[in-house]
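Worksheet for the structure shown next.
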Amino acid sequence: MKHEVESRFSNLTTKAAVLRRNSIAALFEQDPSRLARFVVEAAGLRLDLSKQLIDVAALDGLLAIAEVAGVTAARAAMISGETINHTEQRAVLHMALRAASGYPHGADVAAVLARMETLADDIRSGRRTGHTGRRITDVVNIGIGGSHLGPQLACDALRYASETPLGVHFLANVDGGELDRIVTGLDPATTLFIVASKSFTTAETRLNATSARAWLTRALGSKAVARHFVAVSSRPERAVEFGLAAENVFPLWDWVGGRYSLWSAIGLPIALGLGMPVFRELLAGAAAMDAHFVDAAPAHNMPVVLALVGLWNCHCLGAESYAVVPYDDRLRYLPDYLQQLEMESNGKRVGLDGAVLDHHTAPITWGGLGTNAQHAFFQLLHQGTRLVPVDFICALEHPAAPREHHDMLLANCFAQAEALMLGRSFSGGAPDARGSDLAPHRESPGNRPSSMLTMARLDPRTLGALIALYEHKTFVQSVVWGINAFDQWGVELGKELATGILDEITGAAPDAQHDASTAALIAAYRALRAGQPG
Ligand code: F6P
């Protein structure tokens, strides 16, 4: 963080202490234009930040911070294809994947989209069949992290967008139990596998692909691989070495980060499962949010204000986490998706210059579905000792939910945000004897901040806009923190140690030096394994 940004935050923190003694409810009374000032609409989404514990002066202070931090310049650098991911020497151009024009690499993007369209149309129409001539009915995406979470979120969220969905399954974890759960019930003759790995070196994905290939060839023979396996990778030659025909490999580029890649051929499960028109609408929704992010003034720029209010909650109010709570079953994978997006992007401890930071970066992103979450962790949100801001998300219409269900669902969503804000006191009433004993237990302090993100409909366009919103929010926050949101060096150490330990377990390498605890775990597992059939 630049010195000036830090000192402005410290001024705002003093202001926040005063504001905390006020109440959000009182802020509404003091400023009749509060709702108008704190609502932003864009790309089919409406973001209401008025139930945050913030006032207009503080928001203006945050907007000034964004300017001083260089958000506008950083956004321009990203769009123009500068190497802003400097530790990996890469540009960051996921916006080019959903742009009609005006971004670098347009011809490459269009060519891959056309190939995706051909494959999706051929599979979905039955023109391209499996090895035995039977129609493909199920697609299994083998990939992890960014090669899994986005497509899984979209396929699930858009389940009503196609009248003829294929079965789409996601094999991510190296846990063999997951492989077993997924292939049980599938027929090799009607199943297509996508091996999705930007690097094509990810150990989990390679082992799962090897096991899936064995499952297929046991039933259909090795010649079947050509009609039952496709791959997506920025290193197509590695997929070919793995045994796939070059024409079945879809390229991806270094300028697309893994967790920003669902818009590329990594989105094949969406195109295959729901059809290419759905995928193109998803891209169009994201492009609409991109256009807003690029053009709207900061004060009315949805990703910018969402990012700034998140920074306010962390740095000025002391929140260590925030909860994402969609009131829509179709968004049940959103918290998982956002965990990777935000925590892998911004879980960093050094600045762009490599110096250790003396301020916090990404808070913990977590959450769950409303109303289930109300009966699980909302107790802590209402009465716990920690401040946990909430992002509520809901769609006003539902294509399939009976009216009485949707009415109750949304009533709960709105009520929770109101309850967190207002709280409830038992001191002023005339409780009976038992009530008076229980008053402190029943009281809720209120003044707990939340955002409300609504849309008329959850459809491919609004989902695209929603995901792009959080992508840009993540980017804006990284600029203010002065960190690189696009590398992920922290995941390397564990991967390397696991490779070594695996070799020790299997006897491929001699025992290495370990701490006593790790050595005992390896020894216990090896002893048990030695007594079992291979
Ligand atoms: O967990 C690290 C990571 O590199 C993620 O950033 C990425 O999304 C995931 O692994 C999968 O990587 P790949 O697509 O190269 O298999």
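The values are calculated or read from the model by the stated rules, or taken from the named source; none is laboratory data. Here the structure is a predicted model, which is why all the values come from computation and not from measurement. We place every Cβ from the backbone using ideal geometry, glycine too, and count neighbours over all the protein chains shown. These accessible areas exclude ligands, DNA and RNA; they are computed on the full protein's heavy atoms, side chains included. Shrake-Rupley method; radii C 1.70, N 1.55, O 1.52, S 1.80 Å.
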Within the chain, how many lysine pairs that are 8 or more places apart, or on different chains, have C-alpha atoms less than 25 Å apart?
11
Check which residues have an amide H placed less than 5 Å from Val140's amide H, if you skip close sequence neighbours.
His169, Leu192, Phe193, Ile194
Quick one, could you list the DSSP H helices from the chain stretching 15 Å or more along their long axis (Cα atoms) with average Kyte-Doolittle hydropathy of -0.5 or above?
56-69, 106-125, 203-220, 276-295, 403-422, 460-481, 492-506, 516-530
Kirkwood Rh and Cα Rg combined as Rg/Rh, region 262-343:
1.04
With a 1.4 Å probe and all protein chains left in place, how much accessible area per residue does region 88-239 have, in Å²?
41
Counting each pair of different Cα atoms once, what's the Kirkwood radius of region 100-192 in Å, rounded to one decimal?
15.2
Once Lys and Arg are counted +1 and Asp and Glu -1 for all other residues with Cβ under 10 Å from that of Val56, the total becomes -1
Using alpha carbons only, how many angstrom separate the centre of region 206-281 from the centre of region 1-65?
45
Once you keep just the Cα pairs under 8 angstrom separated by 6 or more residues, what percentage relative contact order results for region 378-534?
23
Return the carbon/sulfur percentage of the accessible area of region 1-144, one whole number, probe 1.4 Å, all protein chains in place.
53
For Leu521, put the label point 7 Å out on the Cα→Cβ axis and report which residues of region 182-214 keep their amide N under 15 Å from it.
none
Quote the relative contact order of region 117-234 in percent (integer), defining contacts as alpha-carbon pairs under 8 Å separated by 6+ residues.
32
Treat each spin label as a single point 7 Å out from the Cα along the C-beta direction, and report the Ala299 to His514 distance in nm.
6.0
State in Å² the accessible area per residue of region 403-534; use a 1.4 Å probe, count heavy atoms of protein chains only, and round to the nearest integer.
55
222 nm [θ] for the chain, helices only, -39500 (n - 2.57) per DSSP H run of 4+, per residue, to 500?
-14500 deg cm²/dmol
Ranked by how many other beta carbons lie within 10 Å on average, peptides 61-67, 312-318, 437-443 from highest
312-318, 61-67, 437-443
Coarse-grained scattering of the chain at q = 0.06, 0.07, 0.11 Å⁻¹, given as base-10 log I(q)/I(0) from a Debye sum over alpha-carbon atoms
-0.33, -0.45, -1.04
What whole-number value in cubic angstrom gives the convex hull volume per residue for the C-alpha atoms of region 1-95?
127
Percent of alpha-carbon pairs separated by more than 18 Å within region 161-219
37
At 37 °C and 0.692 mPa s, grab the translational diffusion coefficient of region 3-46 from Stokes-Einstein with a Kirkwood Rh over Cα pairs, rounded to a whole number in µm² per second.
257
Computed over region 111-167, the relative contact order (Cα-Cα under 8 Å, seq sep at least six) in percent reads 27
Cα Rg over Rh - region 103-260, Kirkwood
0.94
Across all Cα atoms of region 314-377, Rg and the largest Cα-Cα distance (Dmax), in Å, are 14.4, 45
Could you tell me which residue out of Ser444, Ala524, Leu466 lies farthest along the dipole of region 424-534 toward its positive end? Charges go on the beta carbon: Lys and Arg +1, Asp and Glu -1, centred on the Cα centre.
Ser444
Working out 0.36 nm times the residue gap between Ala226 and Leu380, then minus their Cα-Cα distance, what length gain in nm do you get to one decimal?
50.2 nm
Summing +1 for each Lys or Arg and -1 for each Asp or Glu, what net charge is found among the other residues whose Cβ lies under 10 Å from the Cβ of Phe426?
+1
Got a number for the accessible area of Tyr470? Probe 1.4 Å, square angstrom, nearest 10.
0
Pairs of alpha carbons in region 408-534 whose separation is greater than 23 Å (percent):
69
Restricting the count to DSSP beta bridges whose residues both fall in the chain, what percent are antiparallel, rounded to a multiple of 5?
25
Rotationally averaged projected area of region 171-270 (alpha carbon convex hull; nm²)
6.2
